[in-house]
Structures are given as structure tokens and as C-alpha cells.
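Notes for the one structure printed next.
The values are calculated or read from the model by the stated rules, or taken from the named source; none is laboratory data. Source: prediction; values computed, not measured. Note that we place each Cβ from the backbone using ideal geometry, even for glycine, and neighbour counts take in every protein chain shown. SASA here: full protein model, heavy atoms, side chains in, ligands and nucleic acids out. Shrake-Rupley method; radii C 1.70, N 1.55, O 1.52, S 1.80 Å.
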Amino acid sequence: MTPAELDRLVTQIGEEILSRVGPADARPAPKKGEGLNLPDEICPGCVQRCAQTCARNTREIIAAGADRVSASEKLTKIDPSIAALIDHTILKPDATRADVVKVCREARQYNFASVCVNPYWVPLVRAELLGSPVKVCTVVGFPLGATSTEAKVAETVAALRSGAQEIDMVMNVGALRSGDHEAVKTDIQQVVKVAHEARAIVKVILETALLNDNEKAVACTLCKLAGADFVKTSTGFSTGGATAHDVALMRSVVGPEMGVKASGGIRTLQDLQNMAAAGASRIGASASVKIVEATAA
């Protein structure tokens, strides 16, 4: 095609488009704004960019025919401070390799605090998260906590060797309820010792649904004396999950020196916010993507 032919083609295309949208003097004058930020036409009073901060309008734009929507790297449609609270969790017994890989990719995308999996999957998670700030988390003595201390220590050592950076161990609930406080403390202390030697942290799962408030307070005290880094509400496999009451109680006992993780039944952004307001510094959830995407709505 010669330059003259190209010029004629461009002119024809321009004339065709103009004929469809009407004459220039009949078209409204351009509104002031940046990109999609035209509040008078879209959302009166809005000063945000749709693609980055308004999921509803972005969906409407795509429905109108857009194949792609541009977004600035400086703005993100989710709240990163919410994502940073979450241990993205997949502990169901029938989880497949593909399920675990999907969770890891979501964690990298949203910058969750960690991916928490059963010990078998730790090597895979370590490989999938390589080069990412997302931590590798696994469970020990899960979900009952009634295995021996020796078994928990061996499980912890194996997990650390495979690449785990955070250990969520289940406390011996039966021993606590029997008043065997020294046994509970020693159980936690031995796991903490090998984890800290590998520069990993330990979160102790109390299974609060099985304890009264006095037992929860005693459990938190024993965890603190044993040198644990966090206390955690639940496995998600017992009779109940996290409650704001339990989180507030746990925080009042351990003070600001330890972390408090709320886990079990946290499915919405409101659930997370309630737990954070009660004192939780980490959230365990499998509905993590739904939660963080709700911050953009």
C-alpha cells in the first residue's frame, strides 16, 4: 500500500466513524477528567479511577464491550493491609496438587502473609512461592493435638527441612482440660525450640470451642511461658471457629508481645474486620480472595 492509499483509507475510516456518531456540532463537548474519571457522567461525587478502585464500574465497562481495562501500578483495587493479615489456607484432606498450586498463585498475586497447608505439600508450596515474600506455613499435630511431644517435634523438624517458615501446632487439649499444665507447656516448648533454631515462628492452636474462658486464659499463659509467637483460636475442624469474644480474651492475656490468630469460619471482609478490631494480628481463611476483593467493591 502506497502512502497516498494509506491516507485515503484513514480518511475513509474517519468519515465512517463520524457518520455513526453524528456531526461534530451535535456531539457533547469533552468533559474534564482523567481517563474514566468523569464523575458527572459515571458516579457523581466520585474522584477515584474505576479500574483500580471500583470493581462495580470496571465490570460495567467490560460488559459494555471493553476487552482490557488499564490500571496504574501505583493503585490497586484491594487493600494491601488486609491481604497482609491473611494466612491463605487449604487444609482439606482431599486437596489436590492443582488446588494447592492455585492457592499459591493467589497468594503471590495478592501478597498474603502465608500459605498454610498440610505437611505433605510443604515442598510444593516452597517451590511455588520461591522469590516471593509470602511465607510457607504448615500444621503440626493436626487437627487433634493429641499426639506425643516426640511426634510433634519430629513432624516440625521434617517440615522445617522441607521449607516451612511458620508452624501452626495444635495444643494438647485433653491434657490442658485434665490440669496437666506442665505437660502442655513442655509440649509447646519443645516445638518452639526446634522451630526457633531454624528461625521459624510457632502459632499454637487452642481449639477454643472446646474450652471455657478460664481454660482459654490458662492456655494462653502456658503458650506465653513456653515462648510461642502466636496463639490461635481454632483448627476449623472442631465444633466451632473463631469468635470476637475469644480473640479479645486471648489478646488481653498475652498482651502486645504475642500475635493472636483468628481462624475458623472467617468468610467475609466484615468477619475479618471484627476479628482485627477484637485484637487479631493474623487471620486464617480459605475465602481469602473473596475477602480481599471485597475491599475494592
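Could you tell me whether region 128-138 includes any residue that is without any contact (Cβ under 8 Å) to a residue 12 or more places away in the chain, in a loop (DSSP other than H, G, I, E, B) and surrounded by 15 or more Cβ atoms within 10 Å (Cβ to Cβ)? Checked against the condition, which is being without any contact (Cβ under 8 Å) to a residue 12 or more places away in the chain, in a loop (DSSP other than H, G, I, E, B) and surrounded by 15 or more Cβ atoms within 10 Å (Cβ to Cβ), region 128-138 yields no hits at all. The residues listed here are Asp246, Asp271; of these, the one that is in contact with a helix residue (DSSP H, G or I) (Cβ under 6 Å, 6 or more places away or on another chain), free of Cβ contacts under 8 Å to residues at least 60 places away in the same chain and among the acidic types (Asp, Glu) is Asp246. Of all residues in region 112-127, those satisfying the criterion of being more than 14 Å from the chain's Cα centre (by Cα) and not in a loop (DSSP other than H, G, I, E, B) are Pro119, Tyr120, Trp121, Val122, Pro123, Leu124, Val125, Arg126, Ala127.
More than 18 Å from Phe230 (Cα to Cα) and open to solvent by less than 50 Å² (accessible area, probe 1.4 Å) - does that describe any residue in region 160-171? Yes - at least one qualifying residue is present in region 160-171.
Is one or more of the residues making up region 200-217 in contact with a Cys (Cβ under 9 Å, 6 or more places away or on another chain), surrounded by 24 or more Cβ atoms within 10 Å (Cβ to Cβ), at pLDDT 95 or above and basic (Lys, Arg)? Within region 200-217, one or more residues are in contact with a Cys (Cβ under 9 Å, 6 or more places away or on another chain), surrounded by 24 or more Cβ atoms within 10 Å (Cβ to Cβ), at pLDDT 95 or above and basic (Lys, Arg). Determine which member of the set Lys152, Lys185 is open to solvent by less than 20 Å² (accessible area, probe 1.4 Å), within 18 Å of Cys223 (Cβ to Cβ) and either without any contact (Cβ under 8 Å) to a residue 40 or more places away in the chain or in contact with a Leu (Cβ under 7 Å, 6 or more places away or on another chain) (or both). Going through Lys152, Lys185 in turn, the sole match is Lys152. Screening Ala248 against (1) open to solvent by 10 Å² or more (accessible area, probe 1.4 Å); (2) not in a helix (DSSP H, G or I) leaves a single unmet condition, (2). Restricting Leu176, Leu206 to those that are more than 27 Å from the chain's Cα centre (by Cα) and within 17 Å of Met250 (Cα to Cα) reduces the list to Leu176. Only one of the numbered conditions (1) without any contact (Cβ under 8 Å) to a residue 24 or more places away in the chain; (2) over 24 Å from Glu207 (Cα atoms) is not met by Arg108, and that is (1). Would you confirm whether any residue within region 251-271 is under 16 Å from Phe112 (Cβ atoms), under 14 Å from the mean Cα position of the chain (by Cα) and open to solvent by 50 Å² or more (accessible area, probe 1.4 Å)? Yes, region 251-271 contains at least one residue that is under 16 Å from Phe112 (Cβ atoms), under 14 Å from the mean Cα position of the chain (by Cα) and open to solvent by 50 Å² or more (accessible area, probe 1.4 Å). Here Ala146 fulfils each of the conditions (1) part of a loop (DSSP other than H, G, I, E, B); (2) in contact (Cβ under 8 Å) with a residue 40 or more places away in the chain; (3) touching a helix residue (DSSP H, G or I) at 6+ places or on another chain (Cβ under 9 Å); (4) within 21 Å of Ser238 (Cβ to Cβ) apart from (2). For region 220-241, the set of residues classified as under 26 Å from the mean Cα position of the chain (by Cα) and open to solvent by less than 20 Å² (accessible area, probe 1.4 Å) consists of Cys220, Cys223, Ala228, Val231, Lys232, Thr233, Ser234, Thr235, listed by residue number.
Apart from one condition, Ala248 fits all of (1) in contact with a His (Cβ under 8 Å, 6 or more places away or on another chain); (2) more than 21 Å from Phe112 (Cβ to Cβ); the exception is (1). The set of residues in region 227-259 that are touching a Cys at 6+ places or on another chain (Cβ under 8 Å) and either of a type in the set (Val, Ile, Thr) or modelled with pLDDT under 95 (or both) comprises Val231, Val253, Val254.
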